[in-house]
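Colleague: Handing you a structure now.
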Amino acid sequence: MSNKPVPRVRVPANAKKDELIEIKTLISHEMESGQRKDAAGATIPRKIIHTFTASFNGKMVFEANWHPAISANPYQSFFYKAVESGEFTFQWKDDDGSVYESKAKLTVA
Amino acid sequence: MTSPMIVSRRDALCLSAAALALAPGLARADAAAVEAELRKLYGDRKAGSGKIKIDVPQIAENGLVVPINIEVDSAMTEADHVKAVHVFADGNPLPGVVSFRFTPACGKAAASTRMRLAQTQNIVAIAEMADGALFSAKSEVKVTIGGCGG
C-alpha cells in the first residue's frame with residue numbers, strides 16, 4: 001500500500017453525564033486478505049489491520065480483532081457511557097507492525 | 001464499479017477470482033469449520049439462544065462490503081456485562097470475521113463493522129457474558145456478487 005492509512009473518527013465534543021454516545025471510526029486501508037492472486041497467479045501476501053482498540057484516559061473501553069473477512073477501509077462503531085471529561089485514544093495495529101493512532105477529546109457537563 | 005467498457009486491473013482480478021471460486025476443490029469454510037472455531041474458544045460449553053441479535057441485510061448486493069451490527073441485551077455493569085462477541089461466516093475461505101471485546105465502560109454492548117462475504121452463507125455470532133454464560137445467534141445473508149476472493 002502506497003498511501004499511509006488515514007484514520008477518521010467521529011466523537012461528540014460534549015456529552016451529559018451518563019449519556020450513551022456512539023463512536024464511529026474509519027481508516028483507509030486495503031485489508032489485503034491473503035486470499036487473492038495477482039496476474040501471475042502468485043498469492044498476494046496478507047496485510048490487514050488485525051486489532052483496533054479504544055481507550056479513555058488510558059483505560060481500555062473497546063477492542064475489535066479483525067480477520068481478513070473485514071472489508072477494505074474498515075469501519076467500526078461502538079458505544080461509550082460518558083462519565084467524566086477526558087480523551088479517547090484510538091489505535092489500529094497493522095500486520096507489518098505499524099500502529100496508527102488518533103485522539104479525540106470529550107467534555108462531560 | 002467502473003464503466004462496462006473498461007475492465008480495470010481490479011475487476012480483472014475479481015473475475016479471475018470468481019472463476020477460481022467456481023473451480024472445484026477451492027478451500028471454503030463450512031459449518032463444521034465454524035463449529036471447530038467455537039470448540040477452540042469454548043470447548044463443549046453450550047450456548048443459549050436469545051439476548052444476542054445479529055443485524056445483517058437479508059440480501060447483500062455487494063459481498064465486498066456487507067454491514068453487520070451486533071447487539072447484546074445486557075446491563076453492562078461490573079457484575080453483569082458482555083465480555084466478548086465472536087462472529088463467524090461459514091462460507092468464506094476462513095471462518096473468522098471479527099471478535100469484539102466489550103467493557104462495562106461501553107454502557108451498551110453493540111458494535112458495527114463491515115465484512116466481506118464470498119457467497120450466500122450463514123453468519124454465526126456468540127456472546128460470552130461476565131458470568132461465563134454463552135448466547136449465540138445465526139443469520140443467513142444472500143450474496144448476489146461475491147467478495148472477489150477476499
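The values are calculated or read from the model by the stated rules, or taken from the named source; none is laboratory data. Being a predicted model, the structure only gives us computed values, none of them experimental. Note that each Cβ is placed from the backbone with ideal geometry, even for glycine, and that neighbours are counted across all protein chains shown.
Colleague: Identify, from the list B:113, B:144, the residue that is among the hydroxyl-bearing types (Ser, Thr, Tyr) and at pLDDT below 95.
Modeller: Selected residue: B:144, the only one of B:113, B:144 that is among the hydroxyl-bearing types (Ser, Thr, Tyr) and at pLDDT below 95.
Colleague: Could you tell me whether segment B:38-56 includes any residue that is exposed (fewer than 13 other Cβ atoms within 10 Å of the Cβ) and among the hydrophobic types (A, V, I, L, M, F, W, C)?
Modeller: no
Colleague: Identify all residues within segment B:103-133 that are closer than 24 Å to residue B:39 by Cβ, free of Cβ contacts under 8 Å to residues at least 60 places away in the same chain, outside any strand (DSSP E or B) and within 13 Å of another protein chain (Cβ to nearest Cβ); write none if there are none.
Modeller: Hit for segment B:103-133 is B:117, nothing else.
Colleague: For segment A:1-22, name all the residues that are at the interface with chain B (Cβ under 10 Å from one of its Cβ atoms) and either under 14 Å from the mean Cα position of the chain (by Cα) or free of Cβ contacts under 8 Å to residues at least 60 places away in the same chain (or both).
Modeller: Hit for segment A:1-22 is A:22, nothing else.
Colleague: Give me a count of the residues in segment B:83-103 that are buried (at least 19 other Cβ atoms within 10 Å of the Cβ), over 25 Å from residue B:145 (Cα atoms) and touching a Lys or Arg at 6+ places or on another chain (Cβ under 9 Å).
Modeller: 4
Colleague: Does segment B:56-97 hold any residues that are assigned to a strand (DSSP E or B) and without any contact (Cβ under 8 Å) to a residue 24 or more places away in the chain, and which are they?
Modeller: Of everything in segment B:56-97, nothing turns out to be assigned to a strand (DSSP E or B) and without any contact (Cβ under 8 Å) to a residue 24 or more places away in the chain.
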